[in-house]
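Peer 1: Handing you this structure, nothing more for now.
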Amino acid sequence: MSETQKQKDEFCLHLISNTNSAEALSWLQDSTKLRTLGVLGSKEESISLVTTVLEAGAVQVFAVEIDCDVDEENTGKLCIELPNDQVLRQRVFDWTGQIAEEQGFEQELDIGQQYIFVMLD
């Protein structure tokens with residue numbers, strides 16, 4: 001049995017509200033501490049990844065479950081707020097589908113949810 005639209009949105013909203021999380025682009029840009037996503041080795045690569053999904057049409061991208069060390073912060077988990085426009089939604093789903101397949105998962109289906117969860121590592 002697949003998850004419902006409500007379950008998917010509640011899962012992401014829980015991560016955004018109840019874990020160490022932040023709007024991804026601001027989080028990456030607003031620190032002298034090294035902040036990265038997944039296995040990406042630099043802040044610039046991480047910013048590029050977030051910029052790509054925003055340009056595809058994402059409304060917002062949240063970095064969730066951020067791990068913090070003295071010198072750096074990292075997360076391999078994103079919650080992406082989806083647009084209502086069907087063309088833009090499909091572009092975001094195509095992007096997240098590529099990431100999912102690289103990680104050995106199936107592409108998420110569009111069932112009308114507001115958010116999509118993405119694992120980068």
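Peer 1: With Cys12, Cys79 as the choices, which residue is in contact with a helix residue (DSSP H, G or I) (Cβ under 6 Å, 6 or more places away or on another chain), farther than 15 Å from Asp121 by Cβ and surrounded by 17 or more Cβ atoms within 10 Å (Cβ to Cβ)?
Peer 2: Cys79 is the lone residue from the list that is in contact with a helix residue (DSSP H, G or I) (Cβ under 6 Å, 6 or more places away or on another chain), farther than 15 Å from Asp121 by Cβ and surrounded by 17 or more Cβ atoms within 10 Å (Cβ to Cβ).
Peer 1: Next up: With the requirement that a residue be under 14 Å from Leu120 (Cβ atoms) and touching a helix residue (DSSP H, G or I) at 6+ places or on another chain (Cβ under 6 Å), what does the range 48-73 give you?
Peer 2: Val50, Val53, Val61, Phe62, Ala63, Val64
Peer 1: Still on this model: List pairs: first in the range 83-104 and touching a residue at least 40 places away in the same chain (Cβ under 8 Å) and closer than 18 Å to Asp121 by Cα, second hydrophobic (A, V, I, L, M, F, W, C) and part of a helix (DSSP H, G or I), Cβ under 8 Å, 6+ apart or cross-chain?
Peer 2: Trp95/Val53; Trp95/Ala56; Thr96/Val53
Peer 1: Scan the range 94-121 residue by residue and report those that are part of a strand (DSSP E or B) and of a type in the set (A, V, I, L, M).
Peer 2: Residues of the range 94-121 part of a strand (DSSP E or B): 115-119.
Of everything in the range 94-121, those that are part of a strand (DSSP E or B) and of a type in the set (A, V, I, L, M) turn out to be Ile116, Val118, Met119.
Peer 1: When you look at Val92, is it in contact with a Cys (Cβ under 9 Å, 6 or more places away or on another chain), modelled with pLDDT of 95 or more and surrounded by 20 or more Cβ atoms within 10 Å (Cβ to Cβ), yes or no?
Peer 2: no
Peer 1: With farther than 24 Å from Gln90 by Cβ and free of Cβ contacts under 8 Å to residues at least 12 places away in the same chain as the only criterion, which of Glu55, Glu65, Glu44 stands out? Full working, then the answer.
Peer 2: Working: Glu55 fails: farther than 24 Å from Gln90 by Cβ; Glu65 fails: free of Cβ contacts under 8 Å to residues at least 12 places away in the same chain.
On inspection, the qualifying residue turns out to be Glu44.
Peer 1: Look at Ala22 and say whether it is touching a Cys at 6+ places or on another chain (Cβ under 9 Å), in contact (Cβ under 8 Å) with a residue 12 or more places away in the chain and among the small types (Gly, Ala, Ser). If you could, list the steps in order and put the result at the bottom.
Peer 2: Numbers: touching a Cys at 6+ places or on another chain (Cβ under 9 Å): no; in contact (Cβ under 8 Å) with a residue 12 or more places away in the chain: yes; among the small types (Gly, Ala, Ser): yes.
No.
Peer 1: Hey, can you tell me all the residues within the range 22-43 that are over 19 Å from Met119 (Cα atoms) and part of a helix (DSSP H, G or I)?
Peer 2: Scanning the range 22-43 gives Ser26, Gln29.
Peer 1: Of the residues that sit in the range 48-59 and are more than 12 Å from the chain's Cα centre (by Cα) and not in a loop (DSSP other than H, G, I, E, B), which one is surrounded by the fewest Cβ atoms within 10 Å (Cβ to Cβ)?
Peer 2: Among those that are more than 12 Å from the chain's Cα centre (by Cα) and not in a loop (DSSP other than H, G, I, E, B), it is Glu55.
The values are calculated or read from the model by the stated rules, or taken from the named source; none is laboratory data. Everything numeric here is computed off the predicted structure, so don't read it as measured data. Reconstructed Cβ throughout: ideal geometry from the backbone, glycine too, with neighbour counts over all protein chains shown.
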